[in-house]
1. What is the chain's relative contact order, in percent, from Cα pairs under 8 angstrom and six or more apart in sequence?
2. Could you give the spread of the C-alpha atoms of the stretch 42-125 along their three principal axes, from largest to smallest, in whole angstroms?
3. Using the Cα atoms of the chain, I'd like the radius of gyration and the largest Cα-Cα distance, Dmax, both in angstrom.
4. At a Förster distance of 41 Å, what's the computed FRET efficiency of residue 110 paired with residue 56, Cβ-Cβ distance as r, to 0.05?
5. Give the share of C-alpha pairs in each 10 angstrom bin for the stretch 68-110, from 0 to the last occupied bin, in whole percents, shortest bins first.
6. Return the Rg/Rh value of the stretch 1-75, two decimal places, where both radii are evaluated on C-alpha atoms and Rh is the Kirkwood radius.
7. Please arrange 100, 67 by accessible surface area, largest first, computed with a 1.4 Å probe and ligands excluded.
8. Summing -39500 (n - 2.57) over the DSSP H runs of n ≥ 4 in the chain and dividing by its residue number, what mean residue ellipticity at 222 nm do you reach, to the nearest 500 deg cm²/dmol?
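The values are calculated or read from the model by the stated rules, or taken from the named source; none is laboratory data. It should be emphasised that the depicted structure is a prediction, and the values quoted were computed from it without experimental measurement. Please note: Cβ atoms are built from the backbone with ideal geometry, for glycine as well, and neighbour counts cover all protein chains shown. Calculation scope for accessible area: heavy atoms of the full protein, side chains included, ligands and nucleic acids excluded. Shrake-Rupley method; radii C 1.70, N 1.55, O 1.52, S 1.80 Å.
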Amino acid sequence: MSGLNAADIAAAYDAVRSDKEEINWLLISYAAATGNKLALTQTGTGGLAELTAALDDSQVQYGYVRVEYANDAESKRVKFLLVVWIGENTKVMRKARVSVESGDVKRALQHHSFAITTGDKAELAEKDVVAKLRKAGGADYNGGRG
């Protein structure tokens, strides 16, 4: 399968995780140029909203995004979200490979607080994702206010 150990994926992953880089998301997709193997197809600086807009309804894709949110006026948290995207119009055989393949992706993009498997962009609304990250993160100093 794998272009998952490619240097460009590792560099993009490190950039998303870095506090000093502007890149805050990456997208891994099947690329014809790599013989239909998984490859880094896009990065960006626009956060979860920009990643969500880049998802293709005819593909299986894997996104990794840095999500920053404040619990109160004095604290800021950084969490990482893995998105396993199964587009509504994806071919059946490609969908069938996701269960095995996503394990390989999770090993390549191993540091994430939460993983969402979806084919519905509405599930990637930032407010809802932050609420899930807060729950996954343990202590909630926001008094459960989402």
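1. Computed over the chain, the figure is 19 percent.
2. Result, largest extent first: 48, 25, 21 Å.
3. Looking at the chain, its Cα Rg and Dmax stand at 15.3, 50 Å.
4. E(calc), rounded to 0.05, equals 0.95.
5. That works out to 22, 34, 22, 16, 6, in percent per bin.
6. Dividing the radius of gyration by the Kirkwood radius yields 1.04.
7. The most accessible residue leads, giving 100, 67.
8. The helix-only estimate for the chain comes to -9000 deg cm²/dmol at 222 nm.
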